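This report concerns only the one structure given below.
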Amino acid sequence: MSGITRESAEPEAPDAFDVFAKACPSRGTLEHVTGRWGSLVLGALYEGSLRFNELRRRVDGVSEKMLSQTLHALERDGLVLREAQPVNPPRVDYELTPLGRQVAERLLALIHCVEGAMGEVLAARERYDATRGAR
């Protein structure tokens, strides 16, 4: 999809994108946002601007390489802003763009829903494992 119509030379309406279509560019962005680290990075940055190592400590378990790749993808998608400060030693801060804040708000609603339902989830797992055997 080009995103531009010939007649108007303006972007197509957002409903022209279909994440279920193999070639739709929205699919890649959805993967960046909902991937293992993308959702956690967006959620952590919703709390405010963070430096790389602060973000790495906040998102427990992420490697330096994966955090760097995730931040690059989210920055490219326009969800995260990287701001390098001209100081010695170098300082780089990451924060959400307005679009990133919109996406993070929705992700945090899902995160809170999952966290709030974990008692029910763990009970369901226990029932499943009891009837089908732990795998």
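The values are calculated or read from the model by the stated rules, or taken from the named source; none is laboratory data. Values in this document were obtained by computation on a predicted structure and should not be read as measured data. No Cβ is skipped: glycine too gets one built from the backbone with ideal geometry, and neighbour counts run over all protein chains shown. Keep in mind that these areas ignore ligands, DNA and RNA; they rest on the heavy atoms of the full protein, side chains included. Shrake-Rupley method; radii C 1.70, N 1.55, O 1.52, S 1.80 Å.
Table for the structure above
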| quantity | calculated |
| --- | --- |
| Net charge of neighbours whose Cβ lies under 13 Å from the Cβ of Arg101, counting Lys and Arg as +1 and Asp and Glu as -1 | -2 |
| Neighbour cut-off at most 16 other Cβ (10 Å), DSSP loop, GluC sites (Glu not before Pro), the range 38-82 | Glu47 |
| Cα-based shape type of the chain, given that a ≥ b ≥ c are square roots of the gyration tensor eigenvalues and the cut on a/c is 1.5 | oblate |
| Accessible area in the full protein assembly, largest first, 1.4 Å probe, for Leu99, Leu50, Leu79 | Leu99, Leu50, Leu79 |
| Relative contact order computed over the chain (Cα-Cα under 8 Å; 6+ residues apart), in percent | 19 percent |
| Apportionment of accessible area to carbon and sulfur, the chain, percent (1.4 Å) | 53 percent |
| Inter-label distance for Arg106 and Thr34, nm, one decimal - labels placed 7 Å from Cα along Cα-to-Cβ | 1.0 nm |
| Efficiency of FRET between Glu47 and Lys22 - r from beta-carbon atoms, R0 41 angstrom, step 0.05 | 0.70 |
| Cut-off 13 Å between beta-carbons: net charge of the residues surrounding Met66, Lys and Arg +1, Asp and Glu -1 | +1 |
| Length-normalised contact order for the range 57-117 - Cα pairs under 8 Å, 6+ apart - percent | 22 percent |
